[in-house]
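The next block holds one structure in the form of structure tokens; read it before the comments.
The values are calculated or read from the model by the stated rules, or taken from the named source; none is laboratory data. On a predicted model such as this, the values are computed, not experimentally measured, just so you know. All Cβ positions, even for glycine, are placed from backbone atoms using ideal geometry, and neighbour counts span all protein chains on display.
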Amino acid sequence: MKMKLIANEKGLMCPNCSGVDFFQEGTMQDGLLKCKNCNQTYLIKNAVPSLTIAESDNYKSKKEITDFWKHLYHAAYKDHENFDDKDVFIDRLDNLEDLFHHREHLAVIEMPIETLEGKKVLEIGCGAGAHSSLFSLKGAKMTALDITLDRAYSASTKLNLLDDSGNSFGVHGDAEKLPFQENYFDIVYSNGVLHHTHDTEKAISEVFRVLKPGGRAVIMLYSKHSFLYWINLFLLRGIIMGGIFRDKKWLGRSTEWMSEDKQEVYNPETKVYSQKRLRLMFNKFDDIKIRKVGFIFEQIPLIGKYIGKICGMLTGYNESGILIYDKPWRNETQLELKLSRYIGFANNISAIKR
């Protein structure tokens, strides 16, 4: 089949040379994209363009990151991944929004969720696609990007279930070399992802590049000054259990695995940040706001899970937590929500591109 020059209506960019014009063979469902400038070819499968460079900088590190998240995805979501009924999925997303409101989550506080109609929104590290799906339901034109191909497929499938117009779609790509044109998106959203990249500062500069002037970055990065880091991770796992003395990547190995399956692949990269450090990292942005959240009783060593179970009998659980946490999520108590503002593990960042 002969390749044809296509109109680039999705803001795509060649990660190899930054070219923005492509030839297409086949369709945007299954086919190929070839950069007009450098002739680099990219596969499209299941409506997901794979815009990555195999031999990119830090290839070994990125392969380790990709392998871990692929294994976690299959371990955590394999039993409840498929949605065939659109109405059932929408109902689950409505409940997820309720959960986010209760948790004072980034997705409904820093994210202008009620004003997303018609906005071009990029999610970096979309995972299985629950956040992107919720934003699409609110009318956003979603681009859901993940470094793990399977997760990009999953997100794309959910987005197509909600809206088959092609306005929202998945992309396989790298946060440190976003395959999108400059000044394209109204909002870039990323929840708990960029602290797992090899070069977080470079990823943030890419967020700045692809945002329109006046566009908003909505990003969560882990908090160094938090109960979970200093007590559970640094003191218990790092010092008492000796992780910090055995492995320079001890913090990555201590975080993220949430499946009950046996862990065989370990997270190679996790970073934590002070708010002072974050303000330096976002210094090209204006109107930088940082809000701390993310403390639950389960973070307390030894007894925390029992306290959580007792609280769950009183506060109840939200079944839609299974979309992102692999299990129904316990509604936090008001005490936990108040403590989160001081000792929470999540720095919620909102910043505007100059």
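Restricting segment 297-354 to residues that are aromatic (F, W, Y) and in contact (Cβ under 8 Å) with a residue 40 or more places away in the chain, the residue that is nearest to R277 (Cα to Cα) is F345.
Counting residues that are charged (D, E, K, R) and in the same structural domain as S254 (by TED's automatic domain parsing), which helices (runs of 4 or more DSSP H) fully inside segment 287-354 reach at least 2? Break it down stepwise before answering.
On the way: elements: 304-315, 322-325, 334-343.
Fully inside segment 287-354 and qualifying: 304-315, 334-343.
Could you tell me whether segment 105-113 includes any residue that is closer than 19 Å to H196 by Cβ, in contact with a Phe, Trp or Tyr (Cβ under 9 Å, 6 or more places away or on another chain), touching a residue at least 40 places away in the same chain (Cβ under 8 Å) and not assigned by TED's automatic domain parsing to the domain that holds Q24? Yes, segment 105-113 contains a residue that is closer than 19 Å to H196 by Cβ, in contact with a Phe, Trp or Tyr (Cβ under 9 Å, 6 or more places away or on another chain), touching a residue at least 40 places away in the same chain (Cβ under 8 Å) and not assigned by TED's automatic domain parsing to the domain that holds Q24.
For residues in segment 265-283 being assigned to a loop (DSSP other than H, G, I, E, B) and among the hydroxyl-bearing types (S, T, Y), which is farthest from the chain's Cα centre (by Cα)?
Filtering segment 265-283 down to residues assigned to a loop (DSSP other than H, G, I, E, B) leaves 265-272, 274, 282-283.
Now narrow it down to the ones that are among the hydroxyl-bearing types (S, T, Y): 266, 270, 274.
Numbers: Y266: 18, T270: 14, S274: 20 Å.
So, considering only residues that are assigned to a loop (DSSP other than H, G, I, E, B) and among the hydroxyl-bearing types (S, T, Y), the one farthest from the chain's Cα centre (by Cα) is S274.
For segment 48-69, which positions are assigned to a loop (DSSP other than H, G, I, E, B) and either touching a Cys at 6+ places or on another chain (Cβ under 7 Å) or closer than 19 Å to I124 by Cβ (or both)? Walk me through it before giving the result.
Narrowing segment 48-69 to residues assigned to a loop (DSSP other than H, G, I, E, B): 51-58.
If the condition is that a residue be assigned to a loop (DSSP other than H, G, I, E, B) and either touching a Cys at 6+ places or on another chain (Cβ under 7 Å) or closer than 19 Å to I124 by Cβ (or both), then L51, T52, I53, S56, D57, N58 are the ones that fit.
Scan segment 82-124 for residues that are basic (K, R) and assigned to a strand (DSSP E or B) and jot them down. Selection gives K120 alone. Residues in segment 7-32 that are in a strand (DSSP E or B) and without any contact (Cβ under 8 Å) to a residue 24 or more places away in the chain: F22, F23, Q24, G31.
Rundown of residues vs (1) at pLDDT 95 or above; (2) in a loop (DSSP other than H, G, I, E, B); (3) among the aliphatic types (A, V, I, L, M), yes/no style:
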position: S132; (1), (2), (3): yes, no, no
position: F135; (1), (2), (3): yes, no, no
position: G139; (1), (2), (3): yes, yes, no
position: Y153; (1), (2), (3): no, no, no
position: L161; (1), (2), (3): no, no, yes
position: S165; (1), (2), (3): no, yes, no
position: G170; (1), (2), (3): yes, no, no
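The condition of being at pLDDT 95 or above and β-branched (V, I, T) does not hold for V265.
The set of residues from segment 267-289 being of a type in the set (A, V, I, L, M) and either crowded, with 16+ Cβ neighbours inside 10 Å or closer than 23 Å to W257 by Cα (or both) comprises V272, L278, M281, I288.
Answer yes or no as to whether K262 is without any contact (Cβ under 8 Å) to a residue 12 or more places away in the chain and in a loop (DSSP other than H, G, I, E, B).
yes
Between Y153, Y229, Y189, Y184, which is closer than 16 Å to F345 by Cβ and crowded, with 18+ Cβ neighbours inside 10 Å? I'd like the intermediate steps shown before the answer.
Numbers: Y153 fails: closer than 16 Å to F345 by Cβ; Y189 fails: closer than 16 Å to F345 by Cβ; Y184 fails: closer than 16 Å to F345 by Cβ.
Exactly one of Y153, Y229, Y189, Y184 is closer than 16 Å to F345 by Cβ and crowded, with 18+ Cβ neighbours inside 10 Å, namely Y229.
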